[in-house]
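Beneath this line is the structure, given in structure tokens, with notes to follow.
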Amino acid sequence: MKNEIVDKLNLLLADYQIHYQNLRGFHWNIQGKYFFELHAKFEELYNDAAVKIDEVAERILTIDGTPLHTFEDYMHRAEIEAKKNIHQGETAVKSIINDLTAILRLEKEIKGLAVEYGDDGTEDLMSGFMDQQEKTLWMLKAWMK
């Protein structure tokens with residue numbers, strides 16, 4: 001039980017770390033007519049990801065696991081791909097939508113495991129993340145129209 005949840009939380013941690021770095025790269029490298037709005041939005045998103053990274057790692061520790069903590073581990077474990085040299089707003093936003101969709105799918109899986117094993121803390125954490133990400137996805141998709 002615990003090992004399965006810790007394993008999935010470590011996968012989530014790795015995905016979040018790659019997502020975070022992608023967001024930083026988009027923030028630094030965005031160009032074009034949407035620069036000002038996207039530069040600020042990407043900063044908001046990477047700050048949110050940083051908080052979630054910490055919460056996931058602390059949850060792993062709370063349930064007596066060991067969080068991954070090297071970039072090598074994140075790169076080998078993550079299912080989200082690192083992005084490079086993205087300067088165009090729509091390309092960056094599409095990438096974020098894809099990454100958040102994958103993260104949300106994993107969070108739903110983790111929540112299901114938490115329910116199955118009676119891990120209320122992990123269930124609550126995933127529920128909170130999912131609520132926020134569903135709203136963020138809705139907004140990003142609306143921006144793309």
Here are Ala92, Ala102: which of them is touching a residue at least 24 places away in the same chain (Cβ under 8 Å), open to solvent by less than 10 Å² (accessible area, probe 1.4 Å) and either assigned to a helix (DSSP H, G or I) or under 23 Å from Ala40 (Cβ atoms) (or both)?
Ala92
Kindly list the number of the only condition in (1) in a helix (DSSP H, G or I); (2) surrounded by fewer than 20 Cβ atoms within 10 Å (Cβ to Cβ); (3) among the small types (Gly, Ala, Ser); (4) under 15 Å from the mean Cα position of the chain (by Cα) that fails for Ala57.
(2)
More than 21 Å from Lys2 (Cβ to Cβ), open to solvent by less than 60 Å² (accessible area, probe 1.4 Å) and without any contact (Cβ under 8 Å) to a residue 24 or more places away in the chain: which single residue out of Thr136, Thr70 fits that description?
Thr70
List the pairs whose first member sits in segment 10-36 and is open to solvent by less than 60 Å² (accessible area, probe 1.4 Å), whose second member is in a strand (DSSP E or B), and whose Cβ atoms are under 7 Å apart, counting only residues at least 6 apart or on separate chains?
Gly32/Gln88
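Residues are listed down the side, and each one gets a yes or a no for (1) touching an Asp or Glu at 6+ places or on another chain (Cβ under 8 Å); (2) at pLDDT 95 or above; (3) farther than 16 Å from Leu125 by Cβ:
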{"site": "Lys2", "(1), (2), (3)": "yes, no, no"}
{"site": "Leu11", "(1), (2), (3)": "yes, yes, no"}
{"site": "Asp48", "(1), (2), (3)": "no, yes, no"}
{"site": "Ile80", "(1), (2), (3)": "yes, yes, yes"}
{"site": "Lys83", "(1), (2), (3)": "no, yes, yes"}
{"site": "His87", "(1), (2), (3)": "no, yes, yes"}
List pairs: first residue in segment 119-131 and of a type in the set (D, E, K, R), second residue open to solvent by 30 Å² or more (accessible area, probe 1.4 Å) anywhere in the structure, Cβ distance under 8 angstrom, at least six positions apart or on different chains.
Asp119/Met1; Glu123/Lys111; Glu123/Val115
Name the single residue, out of those in segment 114-133 being among the hydroxyl-bearing types (Ser, Thr, Tyr) and under 18 Å from Leu11 (Cα atoms), that is most open to solvent (accessible area, probe 1.4 Å).
Ser127
Kindly establish whether Glu107 is open to solvent by 80 Å² or more (accessible area, probe 1.4 Å) and either assigned to a helix (DSSP H, G or I) or touching a residue at least 40 places away in the same chain (Cβ under 8 Å) (or both).
no
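Results for (1) polar (S, T, N, Q); (2) within 11 Å of the chain's Cα centre (by Cα); (3) within 19 Å of Lys84 (Cα to Cα); (4) part of a helix (DSSP H, G or I), shown as yes or no for each residue.
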position	(1), (2), (3), (4)
Asp7	no, no, no, yes
Asp15	no, yes, yes, yes
Tyr20	no, yes, yes, yes
Arg24	no, no, yes, yes
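The values are calculated or read from the model by the stated rules, or taken from the named source; none is laboratory data. Just so you know, these numbers come straight off a predicted model, no measurement behind them. All Cβ positions, glycine included, derive from the backbone under ideal geometry; neighbour counts span all protein chains shown. Protein only, heavy atoms only, side chains kept; ligands, DNA and RNA dropped before computing areas. Shrake-Rupley method; radii C 1.70, N 1.55, O 1.52, S 1.80 Å.
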